[in-house]
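The structure appears right after this line, and notes come after that.
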Amino acid sequence: MATFSSFNFDQWRDQARLALSQDLGPETVHWNDLRHSKDMDLFQSSDTQEYNIRSKQFHLNRQFIGTLSRLSSYRDPQRWNFLYRLLWRYLHEGAEFLDDPLDGDVRQMHRWSKELGRDSHKCKAFLRFRKQPEGFYQARYASKHYVLKGLVEYFSTRFAAMDFEIITPWESLRWFAGKAQYTESGEVFDAIDSDDFDDLWLTYYRNTYNPARLNMKATLAEMPKYLWKNMPETELIPEMIATSDQQVDAMLEAAPKFQLDTSSLNSLTDVSRAVSECRACLLCDGFGNAVPGRGQKDAAIMIVGEQPGDHEEKAGKPFVGPSGKLLAKILREESLGEESIYLTNTVKHFRHRKEGARRIHMRPSQTSIHACRAFLIAEIQIVRPQVILCLGITSSRALRGVYAQLNDAEEILDFGFGEVKVISGPHPAAIMRAAGAKREQLLFDLKQRIREAVSYPGTNDEAPSGLLFPD
Ligand code: URA
């Protein structure tokens with residue numbers, strides 16, 4: 001087994017050329033990664049000298065060399081061995097092997113490439129400069145891989161007007177007096193002391209942060225904890241989480257309240273006309289037909305969805321598309337005839353964006369939910385159901401408050417005519433999107449909620465006869 005040791009891509013390339021000219025297959029060579037092990041002695045003991053021989057010409061396409069060079073910034077002790085295997089295969093099998101998505105090496109290549117892209121993106125997005133007493137700016141950034149080299153031009157162009165240095169645990173870049181100096185060594189660091197620049201940044205972050213949109217899962221996915229030490233604003237996160245509920249309350253309190261006057265709506269026909277004439281939010285123009293509710297006007301059970309979809313908008317009726325069909329099937333399986341209920345939506349227009357001819361669903365905005373809520377309440381007061389089953393989070397929050405969750409216990413609410421039991425359950429669209437055990441669980445949950453709705457005293461025997469449980 002021949003052993004080589006490389007610190008960077010240029011060294012590896014020279015050594016790989018040597019190994020190729022000796023026809024050394026990947027299984028007969030081993031590379032030490034000097035940069036990873038930082039064991040410079042290995043370099044001395046490597047046996048590269050033995051192959052100090054004639055040079056053979058290899059023709060590689062530039063793009064492939066570029067790919068190898070990019071992959072070499074992946075911080076893995078096996079990177080040189082992996083690159084050599086790719087190179088060998090490229091020369092012996094031809095470029096076609098790269099087109100096989102099931103090939104183990106190709107998959108690893110794509111995985112590394114994707115991770116490098118993410119690391120590089122995060123470095124651009126989350127790097128924070130701090131002013132130093134000497135007047136220049138310094139940023140320390142905990143990158144996972146050797147991505148700074150590929151970003152020299154990006155940072156030098158973007159921050160050309162200031163003197164700065166960027167230090168990662170593995171690399172550094174200095175930009176002083178318009179000249180860039182990149183070094184293949186960095187510095188491991190702990191959290192950094194704050195300065196005036198941080199205070200400015202924290203003020204900006206506090207003022208632009210929207211507590212109603214707090215989503216820790218998404219925050220952690222985009223801004224993983226290992227990066228927090230670079231970023232002054234992350235010290236605000238625990239405080240913001242702790243106070244976000246109060247802040248949402250304050251925002252809701254302070255928001256201008258637009259209230260439709262629904263006092264003259266005495267029948268479902270009135271509601272349907274008012275909905276089609278409504279101009280209360282942006283959805284009222286250019287988003288197609290308003291879709292009113294449908295079903296029994298004195299149904300004991302009201303089912304409330306989110307908003308009409310593509311099919312519903314075209315048909316002018318709620319729940320007639322794929323999720324409506326799934327809902328109908330589930331209701332049938334639970335022996336609850338569709339004709340025994342009243343079906344409606346929280347928002348009466350189909351919010352969407354266009355992609356060519358396709359109309360892609362978008363969640364309704366708070367403004368639309370708030371405006372349309374008046375119609376929903378009017379429908380409830382006209383139909384006077386005994387049970388309302390909210391499908392999904394939009395309807396649950398519109399009726400049960402902004403903190404409602406789908407697994408909240410049922411509650412009794414008063415809409416001005418007596419007690420109504422309100423239940424929340426998964427939306428059929430969520431069931432369709434889910435797979436495997438998750439799908440089974442959601443389906444089970446929805447069926448369970450339907451059974452709870454039906455078992456409420458009064459929903460069986462006080463419903464119009466022959467409408468509930470038609471058999
Ligand atoms: N999803 C809903 O929430 N409502 C419909 O009417 C159709 C799909």
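The values are calculated or read from the model by the stated rules, or taken from the named source; none is laboratory data. Given the structure is predicted, the values throughout are model-derived calculations rather than measurements. Virtual Cβ from ideal backbone geometry, glycine too; neighbours counted across all protein chains shown.
Does region 262-270 include one or more residues that are under 36 Å from the mean Cα position of the chain (by Cα) and either more than 16 Å from the ligand (Cβ to nearest atom) or buried (at least 22 other Cβ atoms within 10 Å of the Cβ) (or both)?
To start, the set of residues in region 262-270 that are under 36 Å from the mean Cα position of the chain (by Cα) comprises none.
Scanning region 262-270 turns up no residue that is under 36 Å from the mean Cα position of the chain (by Cα) and either more than 16 Å from the ligand (Cβ to nearest atom) or buried (at least 22 other Cβ atoms within 10 Å of the Cβ) (or both).
In summary, strands (runs of 3 or more DSSP E) completely within region 295-414 and bearing 3 or more residues that are more than 10 Å from the ligand (Cβ to nearest atom) and assigned by TED's automatic domain parsing to the domain that holds residue 431 occur at 352-355, 358-361, 387-391, 411-414. The condition (being surrounded by fewer than 24 Cβ atoms within 10 Å (Cβ to Cβ) and touching an Asp or Glu at 6+ places or on another chain (Cβ under 6 Å)) is satisfied by just one residue among 356, 392, 418: 392. Considering 290, 299, the condition of being buried (at least 23 other Cβ atoms within 10 Å of the Cβ) and closer than 15 Å to residue 342 by Cβ is satisfied by 299 alone. Applying the criterion of being part of a loop (DSSP other than H, G, I, E, B) and hydroxyl-bearing (Ser, Thr, Tyr) to the residues of region 94-145, the residue that is surrounded by the fewest Cβ atoms within 10 Å (Cβ to Cβ) is 141.
For residue 152, the test of being β-branched (Val, Ile, Thr), under 29 Å from residue 166 (Cα atoms) and not in a helix (DSSP H, G or I) is failed.
Does region 41-50 contain at least one residue that is surrounded by 15 or more Cβ atoms within 10 Å (Cβ to Cβ), at pLDDT 90 or above and polar (S, T, N, Q)? The answer is no; no qualifying residue exists.
Taking residue 446, is it without any contact (Cβ under 8 Å) to a residue 24 or more places away in the chain and in contact with a Pro (Cβ under 6 Å, 6 or more places away or on another chain)? No: the conditions fail for residue 446. Among the residues of region 460-471, is any in the same structural domain as residue 341 (by TED's automatic domain parsing), modelled with pLDDT under 90 and away from the ligand (no atom under 16 Å from the Cβ)? So far as region 460-471 goes, no, none of its residues is in the same structural domain as residue 341 (by TED's automatic domain parsing), modelled with pLDDT under 90 and away from the ligand (no atom under 16 Å from the Cβ). Can you find, within region 256-294, the residue that is farthest from residue 450 (Cα to Cα) among those that are of a type in the set (A, V, I, L, M) and part of a loop (DSSP other than H, G, I, E, B)? Residue satisfying both the conditions and the ranking: 280. For region 54-88, taking the residues that are more than 24 Å from residue 35 (Cβ to Cβ) and surrounded by 11 or more Cβ atoms within 10 Å (Cβ to Cβ), the one that is modelled with the highest pLDDT is identified as 58. Here the condition is being touching a residue at least 40 places away in the same chain (Cβ under 8 Å) and in contact with a helix residue (DSSP H, G or I) (Cβ under 9 Å, 6 or more places away or on another chain); of 335, 424, it holds for 335 alone.
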